[in-house]
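Down below is the structure, laid out as structure tokens.
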Amino acid sequence: RDIVTGIVQRYNGRNISVNLGKVDTVLTEAEQVKGEYFQPTERIKLYVVEVKDTTKGPKITISRTHPELVKRLFEYEVAEVRDGTVEICSISREAGSRTKIAVRSNHPDVDPVGACVGVNGSRVGAVVSELRGEKIDIVNWNEDPAIFIENALSPAKVVSVNANEEEKTASVIVPDYQLSLAIGKEGQNARLAARLTGYKIDIKSESQAYDEAESVEDDYMEDDIFLEEIPEEVEE
């Protein structure tokens, strides 16, 4: 499976007829990014999801929404990704809006994020351009889930992360002024970070965490008072 360059032929209802050189195929509505519109003869890059042999020839399923499209575009633009020096470990994508990718370097002298960004953002800019302005966050992968989750919530700053590896859950505390950024518009940043890391992430501000801790402490104190008020049994 790879990316191919297709030439837009025409719209068939909500589907798009695309020529791939020796064969024509269809970009279905389900595999289109909402809001994208192409002109006839326009060249676009597509991810090949599946190829099936049929009696009428090969049937090719193509996509503009698949997360692997982003990965392949970075392989195309970034030599270090192409030769394996930089590895894309995971991707989470909401096509047409925003993508997060986690990268690591297999060479101590190569910065994986810097390699993917490129000089003055040239490399990531080329991918963003091909995806028609889709935002891309590139973060460092880390084998420590707490650090990885902190990175995944970028650009928000994080105070602490408590990760439970067995249950794949994490409690995250952020500064009060970073809460909305950490969660993101309609929860997008937190949602993409959760998919990227594979953890269910619960985010609280420092004030919320402090208030909850105070509430728990008050509950303990009430229990102690209640126990003290219970009279001792009188021996007969």
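The values are calculated or read from the model by the stated rules, or taken from the named source; none is laboratory data. No experiment lies behind these values; they were computed from the predicted model shown. All Cβ positions, glycine included, derive from the backbone under ideal geometry; neighbour counts span all protein chains shown. These accessible areas exclude ligands, DNA and RNA; they are computed on the full protein's heavy atoms, side chains included. Shrake-Rupley method; radii C 1.70, N 1.55, O 1.52, S 1.80 Å.
Can you work out which of the residues in the stretch 142-157 that are assigned to a loop (DSSP other than H, G, I, E, B) and among the charged types (D, E, K, R) is least open to solvent (accessible area, probe 1.4 Å)?
Asp144
Yes/no matrix, rows are residues, columns are (1) open to solvent by less than 60 Å² (accessible area, probe 1.4 Å); (2) touching a helix residue (DSSP H, G or I) at 6+ places or on another chain (Cβ under 8 Å); (3) under 30 Å from Ala156 (Cβ atoms):
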residue: Thr25; (1), (2), (3): yes, no, no
residue: Gln32; (1), (2), (3): yes, no, no
residue: Glu42; (1), (2), (3): yes, no, no
residue: Lys52; (1), (2), (3): no, no, no
residue: Ile62; (1), (2), (3): yes, yes, no
residue: Arg72; (1), (2), (3): yes, no, yes
residue: Glu87; (1), (2), (3): no, yes, yes
residue: Ser90; (1), (2), (3): yes, yes, yes
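Just checking, does the stretch 109-132 include any residue being in contact (Cβ under 8 Å) with a residue 40 or more places away in the chain and of a type in the set (Asp, Glu)?
Yes; the residues of the stretch 109-132 include at least one that is in contact (Cβ under 8 Å) with a residue 40 or more places away in the chain and of a type in the set (Asp, Glu).
Looking at the stretch 10-19, is at least one residue open to solvent by less than 40 Å² (accessible area, probe 1.4 Å), touching a strand residue (DSSP E or B) at 6+ places or on another chain (Cβ under 9 Å) and among the aromatic types (Phe, Trp, Tyr)?
Checking the stretch 10-19: not a single residue is open to solvent by less than 40 Å² (accessible area, probe 1.4 Å), touching a strand residue (DSSP E or B) at 6+ places or on another chain (Cβ under 9 Å) and among the aromatic types (Phe, Trp, Tyr).
How about the stretch 92-120: which of its residues are open to solvent by less than 30 Å² (accessible area, probe 1.4 Å), among the small types (Gly, Ala, Ser) and over 15 Å from the mean Cα position of the chain (by Cα)?
Within the stretch 92-120, Ala115, Gly118 meet the criteria.
How do the strands (runs of 3 or more DSSP E) wholly within the stretch 1-98 filter down when requiring 2 or more residues that are in contact (Cβ under 8 Å) with a residue 12 or more places away in the chain and polar (S, T, N, Q): which remain?
Counting at least 2 such residues, we get 3-12, 15-19, 57-63, 86-94.
Name the residue, out of Arg195, Arg123, that is in a helix (DSSP H, G or I), open to solvent by less than 70 Å² (accessible area, probe 1.4 Å) and not aliphatic (A, V, I, L, M).
Arg123
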